Amino acid sequence: MKRRSFLKGAALTTAAAAGGAPFILTSRKSGAQTVPPVIPPSPPTNPWSEDLPSVITPLPEVSLTPAPTISANVLGGEIGRADHQRYLELTAPDKAKTPKLFEMHAKENPFWRFNTAYPQQPIWGFSGQTGDATTPGPTLFQRYGQSIICRIYNDLPANHVGFGTPEISTHLHNLHTPSESDGFPGDFYSATKAGPFLSSPGQFQDHFYPNVLAGMDTYGGIGDPTEALGTLWYHDHAMDFTAPNVYKGMAGFYFIFDDLDTGSESTGLKLPSHPYDYPLVFQDKRFDTNGKLFFDQFAPEGILGDKIAVNGKIEPVLHVERRKYRFRLLNGGPTRFYEIYLQNKGANTVYTYTHISNDGNLFPAPLLNQFKVRLGVAERADIVVDFSKFPLGTELYLVNQLLQVDTRGPGNVKAPGTRLLKLVVDKNPANQDLSQVPSVLRPLPSLPANVNTLPVNRRWEFSRSGGLWTVNNQLFNVNVVRAAIPQGNGEVWELVNPDDGWQHPIHIHFEEGRILSKTVAGINVAVPAHERGRKDVYVVGKNETLKIFLRFRDFKGKYPMHCHNLTHEDHAMMVRWDIV
Ligand SMILES: [Cu+2]
């Protein structure tokens, strides 16, 4: 809180005194860099000049030295975290088994190229045990019922100059993860600094991801299979600096499979599978006149990117085969909303696809023949595109048709939109495409019979105060528990946006919830089909109130709820709630 009031307060005051010119101040480390009051547009890029890899490489299993321990191995270089909850019980053979081991390094890559028109420049990303950091970082392929330890080293440059902070707290959004491994914003660390709840700094943290399903204690085994997620992502969540750190590149995907969504085209649902199961993250970026990534981490309204990186590249190309693909779309922020269409080269035809999942959760039944999907920050959509209907040589584009001119929220939809990714259908499939999208996917968990008449347990109002962002008129304070929730509770929460200007994609960590009702200016409106399943990001539009149902099962400890507009989150639209 002191850091925020000092740095952000000072920046705002200075900016105001200087006639509104914003400053880039770096966190605790370096001097100020004055920027012009009006940010010029990003310089031109060379579209379609670089290919994305046709096949992604899953993060490999490794051995860890020193071996992982239940209590923090502080002498071995680990941060002073709390003990892993329920570790012995969860890693038993009949639960989630002995953990498989993985290792990642958060570090700088000095030679990243967002586009061939821009110079090589530093990004912050993740690598595996060896190799260069990339953005997005490595994709983890995991399975429910098989726990893992993911050791994350912080190798970021301690003497860094520029936006961002070299302390990290990596959040895996939205695995059913014990609090001490969840990447709580206050649990940031480096070799020399540690957040207020850690007993010491360190070079790495062991994250225990039990890969169990919510409802384990009531359902038994590894939990309720209707609570499975499929598409998750990890990203830095360091308090007050999530926006600049994620903007610098610190994010990646985590796929998780089970007996239904197996990751194989010959078992379970037989959805298109690796290498035809492909992640795509969209991130809005702004570049200065030299083509260097630009951000103002002290502007509480944030920065609207005018270039959209797709997997870390502006206007890249993906070569595909004439068959079905599962694309896992993610809005990686910081600010923009997207509405994604598949369009032909002449920009006069849009094609349909099958929408199978929202926020990583398969629908009970696929939404067929969809033309569009809208994504607020951190929302995910899995879509299946069948390229077999296109002749060899066809060029297609994923486009964004949602206009947005400021950071408040999206405007109208307007064709033809902005091309984000070029898809070239230039190969016949090596093998017959046996994948399918069955008419039944994953059933929804049951809700209490009286869920629609249950009283509202908590009401959260997201608004603006003194130029910053508040929840129930308060800024985030990492020490204040705004809700102490008994473990096992099911609760009804109201998310309220009283403002007619801004839209807030609200993320609640830990368990998936359900939207019970939506009202706009007091009038009940229908919940759209793709929002009727399970969710973990709830876009609260202008003058909107959402009533949601959530459960808080299996683990204890501190978790946050926050706006996932990364700038709002840092300035400080977040609350801490604890399961007790
Ligand atoms: Cu917001």
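May I ask you to verify whether Arg464 is open to solvent by 40 Å² or more (accessible area, probe 1.4 Å) and without any contact (Cβ under 8 Å) to a residue 60 or more places away in the chain? So Arg464 passes the test. Just the residues that are in contact with a strand residue (DSSP E or B) (Cβ under 9 Å, 6 or more places away or on another chain) and open to solvent by 50 Å² or more (accessible area, probe 1.4 Å), please, taken from segment 442-453. Selection gives Pro443, Leu444, Leu447, Asn452.
Take the conditions (1) within 22 Å of Phe257 (Cβ to Cβ); (2) within 18 Å of the chain's Cα centre (by Cα); Gly125 misses just one of them, which is (1).
Which of the residues that make up segment 45-68 are open to solvent by 50 Å² or more (accessible area, probe 1.4 Å) and in contact (Cβ under 8 Å) with a residue 12 or more places away in the chain? Result: Asn46, Pro47, Trp48, Ser49, Glu50, Asp51, Val55, Thr57, Pro60, Glu61, Ser63.
In segment 104-130, which residues are part of a strand (DSSP E or B) and closer than 21 Å to Leu172 by Cβ? Met104, His105, Ala106, Lys107, Ile123, Trp124, Gly125, Phe126, Ser127 - these are the residues of segment 104-130 that are part of a strand (DSSP E or B) and closer than 21 Å to Leu172 by Cβ. Right, Ile303: open to solvent by less than 20 Å² (accessible area, probe 1.4 Å) and in a strand (DSSP E or B) or not? For Ile303, the condition - open to solvent by less than 20 Å² (accessible area, probe 1.4 Å) and in a strand (DSSP E or B) - is not met. When segment 540-549 is filtered for residues that are within 12 Å of the ligand (Cβ to nearest atom) and surrounded by 23 or more Cβ atoms within 10 Å (Cβ to Cβ), only Val540 remains. Only residues that are among the small types (Gly, Ala, Ser) and in a loop (DSSP other than H, G, I, E, B) were counted across segment 432-487, and they come to 6.
When segment 275-300 is filtered for residues that are buried (at least 18 other Cβ atoms within 10 Å of the Cβ) and closer than 26 Å to Asp386 by Cβ, the ones remaining, listed by number, are Tyr276, Asp277, Tyr278, Pro279, Leu280, Val281, Phe282. For Asn174, the conditions (1) in contact with a Pro (Cβ under 6 Å, 6 or more places away or on another chain); (2) at pLDDT below 95; (3) within 23 Å of Phe253 (Cβ to Cβ) all hold with the exception of (1).
A residue that is in a loop (DSSP other than H, G, I, E, B), away from the ligand (no atom under 16 Å from the Cβ), closer than 22 Å to Ser463 by Cα and open to solvent by 40 Å² or more (accessible area, probe 1.4 Å) can be found somewhere in segment 520-539. Of all residues in segment 405-425, those being in a loop (DSSP other than H, G, I, E, B) and either open to solvent by 30 Å² or more (accessible area, probe 1.4 Å) or touching a strand residue (DSSP E or B) at 6+ places or on another chain (Cβ under 9 Å) (or both) number 7.
Taken over segment 550-580, residues that are away from the ligand (no atom under 16 Å from the Cβ), open to solvent by less than 10 Å² (accessible area, probe 1.4 Å) and either free of Cβ contacts under 8 Å to residues at least 40 places away in the same chain or part of a strand (DSSP E or B) (or both) amount to 4. Taking the options Ser435, Ser439, name whichever one is open to solvent by 50 Å² or more (accessible area, probe 1.4 Å), at negative phi and in contact (Cβ under 8 Å) with a residue 60 or more places away in the chain. One residue alone meets the criteria, Ser439. The residues of segment 470-496 that are within 16 Å of the ligand (Cβ to nearest atom), in contact with a helix residue (DSSP H, G or I) (Cβ under 9 Å, 6 or more places away or on another chain) and either within 13 Å of Lys542 (Cα to Cα) or open to solvent by 10 Å² or more (accessible area, probe 1.4 Å) (or both) amount to a single one, Leu475. Residues in segment 61-98 that are under 20 Å from Pro201 (Cα atoms) and small (Gly, Ala, Ser): Ala67, Ser71, Ala72, Gly76, Gly77, Gly80, Ala82. Number of residues in segment 82-103 that are in contact with a strand residue (DSSP E or B) (Cβ under 6 Å, 6 or more places away or on another chain) and either assigned to a loop (DSSP other than H, G, I, E, B) or free of Cβ contacts under 8 Å to residues at least 12 places away in the same chain (or both) equals 2. Checked against (1) assigned to a loop (DSSP other than H, G, I, E, B); (2) more than 13 Å from the ligand (Cβ to nearest atom); (3) over 20 Å from the mean Cα position of the chain (by Cα), Asp499 passes all but condition (2). Output the residue which, of all residues in segment 338-352 that are of a type in the set (Ser, Thr, Tyr) and touching a Leu at 6+ places or on another chain (Cβ under 6 Å), is surrounded by the fewest Cβ atoms within 10 Å (Cβ to Cβ). Going through the qualifying residues, I end up with Tyr351.
If the condition is being at pLDDT 95 or above and more than 13 Å from the ligand (Cβ to nearest atom), then segment 454-469 contributes Leu454, Pro455, Val456, Asn457, Arg458, Arg459.
The values are calculated or read from the model by the stated rules, or taken from the named source; none is laboratory data. Quantities reported herein were computed from a predicted structural model and do not represent experimental measurements. Glycine gets a Cβ as well: all are built from the backbone with ideal geometry, and neighbour counts include every protein chain shown. Side chains are part of the model used for accessible areas, which takes the heavy atoms of the whole protein and leaves out ligands, DNA and RNA. Shrake-Rupley method; radii C 1.70, N 1.55, O 1.52, S 1.80 Å.
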